[in-house]
Amino acid sequence: MAKKFKIDARLILQLGRDSIKDHTTALVELVKNSFDADASKVDIEIYCKSKEKKIRVADNGFGMTGTEIDENWLRIGFSEKKKSKTSQKGRRKTGEKGIGRIASDRLGANLKMITKSADDSTQAIGVNWDDFDVDGKSIDDIPLVEFKNPIITIPVRKGELPRDTGTELLISTLRTDWTEDDIKNLYQELSFFAPLFKDQFEIEIKNDINPTYSKSVTSAIYDAAEIELTLHYDGLDTLIYEFRNKLVPEKNKTETFQLQQFIQQKEYAPLECGAIDLKLYFFIRKKNLLDGTSLTLNDLKDFLLENYGVKLYRDGVVVKPYGFANNQFGQDWLGLDVEKSADPAGLSRESYKVNANNIVGYTYFTRDNNQKLIDSSSREGLVENKAFQDLKELINKSITLLASYRVDINKAAAENASIVSKGKTTQTQVTKIKNKLNSVVKDLEEVKVYIDKNKNYSGNPLAKIVLNVTQAIVETEKTFEELLEEKRVLGALATLGISSAVFGHETESAINTFRKNAKNAKDSLSKKKPEVAEALAELNEAVIHAKIVGGWGEFALSRIENEKRKKINRKITELIKLTIKQVKPAFDGRNIEIEKKLGNVIAKAHAMDIESIVLNLITNSFNAVPNTNRPRKIRIELDHENRSEKKGMILVVADSGPGIAKEYIDKIWIPLWTTKVGKKGRDGTGLGLTIVKSIVEELEGDITVGIDKELGGAKFSIWLPR
């Protein structure tokens with residue numbers, strides 16, 4: 001006899017009662033079935049205080065025939081949604097597991113299902129789920145009840161003709177006494193059920209537990225939002241943003257971004273999350289925002305307390321738990337409050353961030369077009385793969401853009417920004433490297449101990465090498481001390497700080513390698529039979545890296561030396577060549593080609609000004625060019641150009657990066673504003689272009705920015721009088 005599986009009756013309890021988190025979730029599952037059945041109205045009744053405790057869920061959907069009950073509804077695990085992903089009216093069906101029908105077991109022991117299809121008479125089935133809680137019986141040993149001549153009560157939606165099809169579920173012997181909070185939570189979940197279909201799908205609740213929520217489930221009070229931001233991302237390279245401001249409607253606008261300009265990621269590729277639509281509402285507790293409504297400030301406060309957060313919707317159905325309170329993620333699953341607490345800057349600052357409880361948002365995507373956004377095995381949330389992280393990052397960046405938009409409409413934003421305190425960036429970076437240098441000196445001192453103990457090494461090259469390396473470190477430390485004491489040229493210091501942040505990686509790498517070589521030399525000398533040759537090789541390698549460290553110190557000090565502060569006739573061409581030469585190793589490390597087209601220009605200028613301009617522009621390019629698939633290239637041009645009979649020169653810096661989005665053109669000059677926004681906030685200092693523009697304006701020059709036709713990225717053109 002052929003072997004075959006048998007299914008224990010208790011399996012149905014594991015699929016229903018034991019696999020669904022709570023009774024609220026179970027009831028929402030039943031409402032999803034009504035949605036899939038193209039219902040326009042669902043009635044929910046919950047009675048726990050009356051003599052007859054019961055739950056009723058009824059809809060005016062298309063119902064089922066007797067054959068469909070036998071072949072579909074009674075086949076556990078079968079989902080008609082796998083055969084057809086859309087309903088008769090084109091709704092994307094919400095589940096594919098085939099267990100929604102047994103969610104009623106989580107609600108009560110007894111179920112009576114009555115249904116009417118246009119193609120059959122009214123059918124009714126009775127199930128006692130407790131009958132399955134027995135030993136030694138197969139699932140098909142448990143009989144069900146068939147009712148003759150059943151009567152169904154089909155909901156009627158106001159404004160529609162009554163329908164003669166639908167399904168009614170009557171649940172009794174309830175497993176849980178519903179509380180006032182349970183009813184409130186149910187109402188809130190259902191209020192987020194299908195906002196895309198709010199004009200096509202109505203849910204009405206009746207209960208005897210919390211009468212406040214015996215009403216139709218209505219949409220939230222979005223008209224009271226100060227700012228509404230809408231995003232459409234096509235899943236490839238285009239993002240279309242719409243900004244609407246209730247208080248300053250003249251600031252309403254629509255902007256289009258290219259993904260490479262907006263994300264500024266290291267290696268560009270379409271986001272794995274796929275196409276999405278995002279709606280963000282920014283609320284503040286101001287009475288004038290409630291004009292034209294019947295709402296009070298307390299209403300708004302209560303609404304935000306219960307509803308703030310960004311929720312996810314797949315095919316019009318909410319994906320929990322994102323944006324919901326009382327779960328492991330919380331309403332602030334995007335980490336907005338963490339960023340705000342790290343930088344609590346007010347609205348007058350460009351680094352301003354919004355609080356989580358000021359944002360209500362909805363993200364819409366589909367199962368078909370976003371196949372990498374996958375349910376976790378527990379069906380609570382999504383798998384946190386690359387697609388999920390891309391989605392999260394895009395939402396966060398959109399919130400950052402909303403915050404920036406709000407700063408723009410605040411007139412005091414630019415007035416309160418100051419460049420005076422920006423030397424802190426330099427000091428932090430220099431102190432960090434200086435501390436590392438101190439640890440290197442300690443390593444060298446340990447090496448020297450072995451040399452001093454062994455007098456026969458005195459004529460050995462080891463002693464001289466250690467002395468040279470130590471001297472290089474000491475001189476570099478002096479460089480940093482002088483740098484930290486320099487207070488008179490904030491622009492040069494800030495430029496150095498920016499360069500340190502960008503190119504400092506190479507210096508730190510050299511220090512780390514140096515320490516490794518020094519340790520290896522010490523280990524070679526500490527052996528019973530010292531390995532002098534190996535130690536010598538390690539220290540020779542250390543000298544190379546010490547020169548790199550010392551070179552950075554020389555580069556740093558040369559930025560602010562006295563001679564560069566004098567306004568004298570200079571060979572601008574040679575000045576630019578030297579600046580490029582000093583930073584070229586960092587560019588080579590990233591395979592970035594620097595093309596120079598430099599005419600022979602001599603002008604009366606401060607060397608510090610020219611260097612600050614060039615350094616800040618090529619630093620921006622250094623960050624930008626890795627963000628596209630184009631060859632990594634920067635072009636620097638210099639030539640004569642006279643304007644209005646005034647002798648001048650034109651300096652151009654162009655790159656193959658993603659360019660600068662139109663939305664950012666006016667902002668890039670503002671102190672502390674940066675396009676480089678990472679997962680932990682803003683990655684750039686937001687000072688480089690501010691310094692450039694400040695220098696150009698002081699010299700009565702002109703600066704413009706556009707797209708370079710040849711390289712495809714940003715192109716900065718600076719004209720200065722000679």
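The values are calculated or read from the model by the stated rules, or taken from the named source; none is laboratory data. Since we're looking at a predicted model, the values are computed, not measured. For neighbour counting, all protein chains shown are included, and Cβ atoms are generated from backbone atoms with ideal geometry for every residue, glycine included. Only protein heavy atoms, including side chains, enter the accessible area calculation; ligands, DNA and RNA are left aside. Shrake-Rupley method; radii C 1.70, N 1.55, O 1.52, S 1.80 Å.
Before we move on, is ASP140 over 15 Å from ASP70 (Cα atoms), surrounded by fewer than 22 Cβ atoms within 10 Å (Cβ to Cβ) and at pLDDT 65 or above?
no
Of all the residues that make up segment 686-717, how many are within 21 Å of GLY648 (Cβ to Cβ), among the β-branched types (Val, Ile, Thr) and either in a helix (DSSP H, G or I) or in contact with an Asp or Glu (Cβ under 7 Å, 6 or more places away or on another chain) (or both)?
4
For segment 634-650, does any single residue satisfy the condition of being more than 23 Å from PRO721 (Cβ to Cβ) and not in a loop (DSSP other than H, G, I, E, B)?
So the first thing to find is which residues in segment 634-650 are more than 23 Å from PRO721 (Cβ to Cβ), and the list is 634-635.
If we keep only those that are not in a loop (DSSP other than H, G, I, E, B) as well, we get 634-635.
Yes; the residues of segment 634-650 include at least one that is more than 23 Å from PRO721 (Cβ to Cβ) and not in a loop (DSSP other than H, G, I, E, B).
Residue by residue through segment 360-381, note down the ones that are among the hydrophobic types (A, V, I, L, M, F, W, C) and under 17 Å from ASP332 (Cβ atoms).
Hit for segment 360-381 is VAL360, nothing else.
Working only within segment 42-58, note down all residues that are open to solvent by 10 Å² or more (accessible area, probe 1.4 Å) and either of a type outside the set (Lys, Arg) or within 39 Å of the chain's Cα centre (by Cα) (or both).
Answer for segment 42-58, where residues must be open to solvent by 10 Å² or more (accessible area, probe 1.4 Å) and either of a type outside the set (Lys, Arg) or within 39 Å of the chain's Cα centre (by Cα) (or both): ASP43, GLU45, TYR47, CYS48, SER50, GLU52.
Quickly run through segment 13-24 and pick out the residues that are aliphatic (A, V, I, L, M) and modelled with pLDDT of 75 or more. It would help to see each step written out before you state the result.
Our first condition is that a residue be aliphatic (A, V, I, L, M); within segment 13-24, this holds for 13, 15, 20.
Residue satisfying the conditions is ILE20 alone.
Tally time: how many residues in segment 215-252 are free of Cβ contacts under 8 Å to residues at least 24 places away in the same chain, open to solvent by less than 50 Å² (accessible area, probe 1.4 Å) and over 19 Å from the mean Cα position of the chain (by Cα)? Steps first, please.
Step one: filter segment 215-252 for residues free of Cβ contacts under 8 Å to residues at least 24 places away in the same chain, giving 215-216, 238-240, 242, 244, 249-250, 252.
Next, only the ones that are open to solvent by less than 50 Å² (accessible area, probe 1.4 Å) stay: 216, 238-239.
Retained after the next criterion (residues that are over 19 Å from the mean Cα position of the chain (by Cα)): 216.
Residues that pass the stated criteria total 1.
So how many residues does segment 155-176 have that are in contact with a helix residue (DSSP H, G or I) (Cβ under 8 Å, 6 or more places away or on another chain) and outside any strand (DSSP E or B)?
2
Identify, by number, the condition in (1) open to solvent by 20 Å² or more (accessible area, probe 1.4 Å); (2) out of contact with any Phe, Trp or Tyr (no Cβ under 8 Å at 6 or more places or on another chain) that ASN357 doesn't meet.
(2)
Tally the residues that are in a helix (DSSP H, G or I) and at pLDDT 90 or above, restricting the search to segment 35-69.
Count: 4.
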